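**Q** First the structure, then my questions, so here it is.
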There are 2 protein chains.
Amino acid sequence: MEKRIITIGRECGSGGHTIGKLVAERLGIAFYDKEIVEMVAAKTKLAPEFIAAHGEYFQSGSLGHIIGYGGRFAGASLRSQSSLQDQMFIVQSDLIHEIAEKEPCVIVGRCADYILQERRDKLDVFIHSAMPFKIERSVREHGLDPEKAESILKKRDRARRHHYNFYTHSDWGRAEHYSITLDSGLLGVPKCVELICCAAQ
Amino acid sequence: MEKRIITIGRECGSGGHTIGKLVAERLGIAFYDKEIVEMVAAKTKLAPEFIAAHGEYFQSGSLGHIIGYGGRFAGASLRSQSSLQDQMFIVQSDLIHEIAEKEPCVIVGRCADYILQERRDKLDVFIHSAMPFKIERSVREHGLDPEKAESILKKRDRARRHHYNFYTHSDWGRAEHYSITLDSGLLGVPKCVELICCAAQ
């Protein structure tokens, strides 16, 4: 395999997680998505719920929210949520470098394309699709309320975009940042898996 | 073949023309790029040079420039370059609809993805790459002066972007507008051809 590391950015509901998992299975390599939450939790002692909520989403929130989780961050003063988020980004970045060094893998989200930008053995993927496909998928697979699905998906993507653009100083979802981008609604999940495996080999 | 029509948007120097031609050859379908210039010229009696310069580039210029070509546009008053450009866009759009109706094909540039947006039998591709690849390719294949290549490529892409964004009210090069986008510098031309053929079938 020419590309050892495959990073996958994705719109909420586009099937990026599923596609990444199937790519990893087909190529026989490791898969990291929510696994990273547990690993960051183990390093920082922060609650996994907090890491999941802030590890790749910009959230409006208060210090009380953080303290509510009983969070403690090694060496961090709990002066503001953003400084905590910055430090979490650093821990997460170090972890992503360690993972990439350790083994061939698929890494979903968390600005991994940017964090590993110096590596030449990397394929950067972005998965997107039209809203009807994302709604149908989110209702079917994740039990979202059909009436609220669109606004939930849009809100999550705004937070993801904000987080990505803030930490990478670039523009989430612009073709120029990725090796390959795919419309999963138009192409279908199996075809996306096939194309990514073909591109990586 | 599931997708009869393949549209290819591309950055200058990224090899989009070559990739499109090879895709058409491999799939045994028609190929339209500069061919469209001649067809628009035949319909409008405008000089091919003018159509090539304005058919997918926003140009700063004067009416004198148009009259200098001895141009005549059916039914058009030569009051301004932009109104002429608008009418040329309409003629070009009608032609692209005719071509798509007539036969399976690859169409390069000219907002074909947007013009044919109602069709379901269409794959929209965007080809891009990093500047060093585009410079090297443009110097080798098109004889551009190595000292001036970067500024020439950037200027052409600005004009293409402006033209596309003006007529489509969207954002040239954003993943969400395309079925698949590919980094030709990272993947190489043969792999791009393979991926597009795979996505179309």
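A short reminder: the numbers here are calculations on the coordinates, not readings from a lab. Fair warning: this is a prediction, and the values are worked out from it, not measured in the lab. Because the Cβ atoms are built from the backbone with ideal geometry, glycine has one as well, and the counts that use them run over all protein chains shown.
**Q** Taking H placed 1.01 Å from N in the peptide plane, check which residues at least 5 places from B:Leu123 or on another chain put their amide H under 5 Å from its amide H.
**A** When sequence neighbours closer than 5 places are left aside, the close amide H contacts are B:Ile5, B:Ile6, B:Thr7.
**Q** For A:Glu98, which inter-copy label distances result when the label point lies 7 Å beyond Cα on the Cα-to-Cβ vector, reported in nm to one decimal and in ascending order?
**A** A:Glu98 label point versus its equivalents elsewhere: 6.5 nm.
**Q** Assume the label is 7 Å from Cα along Cα to beta carbon: what separations in nm does B:Ile152 have to the matching positions in the other copies?
**A** 5.4
**Q** How large is ³J(HN,Hα), in whole Hz, for each residue of the stretch B:177-186 in order, when computed from phi with the Karplus curve 6.51 cos²θ - 1.76 cosθ + 1.60 and θ = phi - 60°, using x for Gly and Pro?
**A** Ordered by residue, 3J(HN,Hα) equals 8, 10, 5, 8, 10, 9, 8, 5, x, 6 Hz.
**Q** Residue by residue, what Karplus-based ³J(HN,Hα) values in Hz, rounded to whole numbers, does the stretch A:142-148 have, using 6.51, -1.76 and 1.60 with θ = phi - 60° and x for Gly and Pro?
**A** Ordered by residue, 3J(HN,Hα) equals 10, x, 5, 5, x, 6, 9 Hz.
**Q** Just want the answer: with Cβ charges of +1 for Lys and Arg and -1 for Asp and Glu, which residue in A:Asn165, A:Ile51, A:Ile29 is farthest toward the dipole's positive end in chain A?
**A** Going by the charge dipole, the pick is A:Ile51.
**Q** Give me, ordered by chain and number, the residues 5 or more places off B:Ser14 or on other chains with an amide H under 5 Å from its own placed amide H.
**A** Residues meeting the criterion, in which the H sits 1.01 Å from N, do not exist here.
**Q** Can you sort B:Tyr178, A:Tyr167 from fewest to most other Cβ atoms within 10 Å of each residue's own Cβ? Don't skip to the answer; put the middle values down first.
**A** Values: B:Tyr178 24, A:Tyr167 19.
Listed from fewest to most nearby Cβ atoms, that is A:Tyr167, B:Tyr178.
**Q** Mind checking which of B:Gly15, B:Gly188, B:Gly109 has the largest fluctuation in a GNM of chain B, springs on alpha carbons under 10 Å?
**A** Among B:Gly15, B:Gly188, B:Gly109, the largest mean-square fluctuation in the Gaussian network model of chain B belongs to B:Gly188.
**Q** Next question. Within 10 Å of each residue's Cβ, count the other Cβ atoms and sort B:Glu101, A:Glu176 from fewest upward.
**A** Ordered by Cβ neighbours within 10 Å, fewest first: B:Glu101, A:Glu176.
**Q** Using the Cα centre of chain A as origin and beta-carbon charges of +1 (Lys, Arg) and -1 (Asp, Glu), tell me which of A:Val189, A:Ile19, A:Val91 is placed farthest towards the positive end of the dipole.
**A** Checked the options; the winner is A:Val91.
**Q** Rounded to two decimals, what is the ratio between the C-alpha radius of gyration of the stretch A:119-199 and 2.2 N^0.38 Å? Walk me through the numbers before you get to the answer.
**A** Values: Rg = 14.3 Å, N = 81, 2.2 N^0.38 = 11.7 Å.
Output field value: 1.23.
**Q** Before rounding to the nearest 500, sum -39500 (n - 2.57) across all DSSP H runs of length at least 4 in the protein assembly as shown and divide by the residue total; then give [θ] at 222 nm in deg cm²/dmol.
**A** Result for the protein assembly as shown: -16500 deg cm²/dmol, rounded to the nearest 500.
**Q** At A:Arg26, label 7 Å along Cα→Cβ: distances to the other copies, nm, ascending?
**A** Nearest to farthest, the other copies are at 1.6 nm.
**Q** Tell me which lysines have Cα within less than 26 Å of B:Lys191's Cα, excluding those fewer than 8 residues away on the same chain?
**A** Partners found: A:Lys3, A:Lys21, A:Lys122, A:Lys191, B:Lys3, B:Lys21, B:Lys34, B:Lys122, B:Lys134, B:Lys154.
**Q** If you don't mind, another one. Evaluate the Kirkwood expression for the hydrodynamic radius of the protein assembly as shown, namely the inverse of the mean inverse distance over all pairs of different C-alpha atoms, and round to one decimal in Å.
**A** After inverting the pairwise mean of 1/r, the radius is 23.0 Å.
**Q** In debye to the nearest 20, how big a dipole does the protein assembly as shown give about its Cα centre with +1 on each Lys and Arg Cβ and -1 on each Asp and Glu Cβ? The partial results should precede the final answer.
**A** Values: 54 positive and 54 negative charges, 100 e Å.
Roughly 480 debye, rounded to the nearest 20.
**Q** Run the dipole for chain A about the Cα centre, Lys and Arg Cβ at +1, Asp and Glu Cβ at -1, nothing else charged, and hand back the magnitude in debye, nearest 20.
**A** Around 300 debye, computed over chain A.
**Q** Something else: Among A:Ile127, B:Ile135, B:Ile5, what is the fewest-to-most ranking by other Cβ atoms within 10 Å?
**A** The order, fewest Cβ neighbours first, is B:Ile135, B:Ile5, A:Ile127.
**Q** Could you compute the FRET efficiency for B:Thr168 and A:Ile90, with r as their C-beta to C-beta distance and R0 at 41 Å, rounded to 0.05?
**A** Plugging the Cβ-Cβ distance into 1/(1 + (r/R0)^6) gives 0.55.
**Q** Suppose we look only past 27 Å in the calculated P(r) of the stretch A:5-200. What percent of the Cα-Cα pairs does that tail hold?
**A** Looking at the stretch A:5-200, the distances longer than 27 Å represent 29 percent of pairs.
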